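What follows is calculated from the coordinates using simple rules that are stated; it is not laboratory data. These figures come from a predicted structure and were not determined experimentally. Note that we place each Cβ from the backbone using ideal geometry, even for glycine, and neighbour counts take in every protein chain shown.
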Amino acid sequence: MRTNTQLESCGAEFLVLGNLLRRRIQAFITSQNFEDYDIVATNPDKNTSIKIQVKSRFKESDKSFIIKKFGSEFVVFVRLNCARKRIKKLVYECRLPPDFYVFPTKLCKKYNQGGKWHKVHLRDIPRSDRYKDNFDLIRNKLGLIK
């Protein structure tokens, strides 16, 4: 039986939006009709914008995400850390804060395994830890001054 994860994915988008806004990056969530991206970040002074796709997983142990569309400049993978496996049963409790990985979309496309699931595994991306909480990649692409 497939679990409906719509609430969690919507929550992840708002978490990413909040992280952008608190870093003084103007951004907004798009309507539901855009498959390639979820958030648009802007620099109104330079009249530039970038598209961001948000991918989320809710288990603490998740180290991969599914991506099939590559129409954005960045992918933010959010590990919500709100579930853990315990003797063949999921226990839902958010014990840890979420983890954010900010990847250039080109990198996700390069390490996408294709096949049925189109997964990207963190272990396949060299030094994936340097992308953790690296919202400066978005700031720099927009040409924003710190």
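Which of K68/K88; K68/K119; K69/K116; K69/K141 have a Cα-Cα distance over 19 Å? Distance filter (> 19 Å) returns K68/K88; K69/K141.
Listed by chain and number, the aspartates and glutamates whose alpha-carbon sits under 18 Å from that of K46, ignoring those within fewer than 8 places in the same chain, are E73, D136.
Dipole check for the chain: with +1 at the C-beta of Lys and Arg, -1 at the C-beta of Asp and Glu, and the Cα centre as origin, the magnitude is about 620 Debye.
When I125, I52 are sorted by how many other C-beta atoms sit within 10 angstrom of their C-beta, beginning with the fewest, the order is I125, I52.
Among L144, L107, L90, sorting on how many other beta-carbon atoms sit within 10 Å of each Cβ, with the fewest leading, yields L90, L107, L144. The order of C94, C108, going from fewest to most other C-beta atoms within 10 Å of their C-beta, is C94, C108. The helix-only estimate of mean residue ellipticity at 222 nm for the chain, built from DSSP H runs of length n ≥ 4 each weighted as -39500 (n - 2.57), is -6500 deg cm²/dmol after division by the residue total.
Rounded to the nearest 10 degrees, the angle from helix 6-22 to the longest Cα principal axis of the chain is 40 degrees. Using a simple spin-label model with pseudo-atoms 7 Å out from Cα toward Cβ, H121 and K69 lie 2.7 nm apart.
Of the labelled figures (i) 15.0, 46; (ii) 15.3, 54; (iii) 16.8, 60, only one reflects Rg and Dmax of the Cα atoms in Å as derived from the coordinates, namely (ii).
In the chain, a dipole from Cβ-located charges (positive for Lys and Arg, negative for Asp and Glu) runs towards its positive end, and of V16, I52, T105 it is T105 whose Cα lies farthest in that direction.
Each part reduced to its alpha carbon centroid, the stretch 124-146 and the stretch 3-30 end up 17 Å apart.
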